[in-house]
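Data block below; observations after.
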Amino acid sequence: MHEGSQGWAFLAVSPNESAAVIEGILAFGILWLDWTRSHADRRAVGGLRLFVPEGTSRPLRERLLALSPAARTEIYEWRKPDGPMQKVDPEDAGNVESRLIPRREIEMALGAARESVTRIRSLSANTALPIETRVAAGTDETAVCFRGLEFARWTEQGVLFGLGDVQQHLSRGTEPALTRLLRDLELHRRSEAEEMNHPLYRRAPERWLETLILEDPTKLDAQLDPRHLYSQVPALAAGDRGVIDLLGVTLRGRLVVIELKASEDIQLPIQAVDYWLRVRRHQREGNFQRNGYFVGVELDPKPPLIWLVAPGLRFHPSAETLLKYFAPEIQITRVGLNEKWRQGLQVVFRQ
């Protein structure tokens, strides 16, 4: 797009696309901007213009707060494909949306499910099953997981169990079915499993990776305080995006946002920064310690660090390009893991 002696890279999204596609346009837009600048002949490419359907730009406007001036980006909305374009003000995004649930509410929710979880454990001959619990995003229900994979859920109406869309209520009559499920999980979802292509071994890899880090954060980095590592805190307004967020703190009090991914994902850096914006907001407002997080820790007022964690060969090649367009205050480190991390977590590089 030419405007006098200056050029603009631009991308537009069809109104028929999903919200996820619209939110994902920023990563592709930055890559397109970088490419056009490196291939410009006569006109310098001043920046990026994004065109999206009316009422869909808020997530994009929030994310612009994390970009450097080099990523000069403008956003336009339209009502109809052939209608006028309205430029939106990125400063009008307001506070980035997120929820910070007090720790006491989380502990109460987990406590309400404790008796049911004990009953589930009793159905297996192995009392040391790696079963974890967490509050399901956006609910007061408790997810019951086996090495990160949810297989049951406590609700006020009782316990549901099963994988995927097939769910059963736990009762005396259905206990044998849950016992068989636990046996299958124990057989196939373990580091020594012989069938590495079995669905139970391959499912929810990020959640499995999360459990390994939560068990011993120092395996990821000796700087991490093992007493304070939280999952999905704060929770995004849009709920779980499918990328795991951990929030920790170093022994010197510096907050660390940790994004986990088991496979290549072009959106990983953008999603990490998206989460960083929310953590930074709650840090500035003093919300963490007010709500029972990082008790006894004097938090460093410096901006949180970001660690992108994935198997060493699973970082998308576009990550290097995206990272150079973020604001200077956002410090990002890529932490590469061994490919066989299920059999023992090891860090192979930090960049």
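The values are calculated or read from the model by the stated rules, or taken from the named source; none is laboratory data. On a predicted model such as this, the values are computed, not experimentally measured, just so you know. A quick note on method: Cβ atoms are made from the backbone with ideal geometry, for glycine too, and the neighbour counts reach across all protein chains shown.
Looking across region 150-184, the residues that are of a type in the set (A, V, I, L, M) and either more than 19 Å from residue 132 (Cβ to Cβ) or surrounded by fewer than 15 Cβ atoms within 10 Å (Cβ to Cβ) (or both) come down to 166, 177. Looking only at residues that are hydroxyl-bearing (Ser, Thr, Tyr) and not in a loop (DSSP other than H, G, I, E, B) in region 293-351, which one is nearest to residue 28 (Cα to Cα)? Ranking the qualifying residues of region 293-351, first place goes to 321.
The C-beta contact set for region 46-73 (first residue farther than 20 Å from residue 31 by Cβ and modelled with pLDDT under 95, second residue among the aromatic types (Phe, Trp, Tyr) and surrounded by fewer than 21 Cβ atoms within 10 Å (Cβ to Cβ), distance under 9 angstrom, 6+ apart or interchain) comprises 53/78; 54/78. Can you pull out the residues in region 274-286 that are out of contact with any Asp or Glu (no Cβ under 7 Å at 6 or more places or on another chain) and either buried (at least 16 other Cβ atoms within 10 Å of the Cβ) or under 13 Å from residue 66 (Cα atoms) (or both)? Within region 274-286, 274, 276, 278, 279, 280, 281, 282, 283 qualify.
When region 74-91 is limited to residues that are under 25 Å from the mean Cα position of the chain (by Cα) and touching a residue at least 24 places away in the same chain (Cβ under 8 Å), the one that is farthest from residue 30 (Cα to Cα) turns out to be 90.
Pairs are defined by a Cβ separation below 9 Å, a sequence spacing of at least 6 or placement on different chains, a first member in region 100-128 that is in contact (Cβ under 8 Å) with a residue 12 or more places away in the chain, and a second member that is surrounded by fewer than 13 Cβ atoms within 10 Å (Cβ to Cβ) and in a loop (DSSP other than H, G, I, E, B); the pairs so defined are 103/295; 109/139; 112/156. When 119, 99, 114, 103 are screened for being charged (D, E, K, R), at pLDDT 90 or above, out of contact with any Ser or Thr (no Cβ under 7 Å at 6 or more places or on another chain) and farther than 19 Å from residue 161 by Cα, only 103 passes. Between 82, 34, which is among the charged types (D, E, K, R) and buried (at least 19 other Cβ atoms within 10 Å of the Cβ)? Going through 82, 34 in turn, the sole match is 34.
A residue that is more than 17 Å from the chain's Cα centre (by Cα) and among the aliphatic types (A, V, I, L, M) cannot be found anywhere in region 207-217. Taking the criterion of being over 24 Å from residue 278 (Cα atoms), among the polar types (S, T, N, Q) and out of contact with any strand residue (DSSP E or B) (no Cβ under 6 Å at 6 or more places or on another chain), the residues of region 319-351 that qualify are 343, 346.
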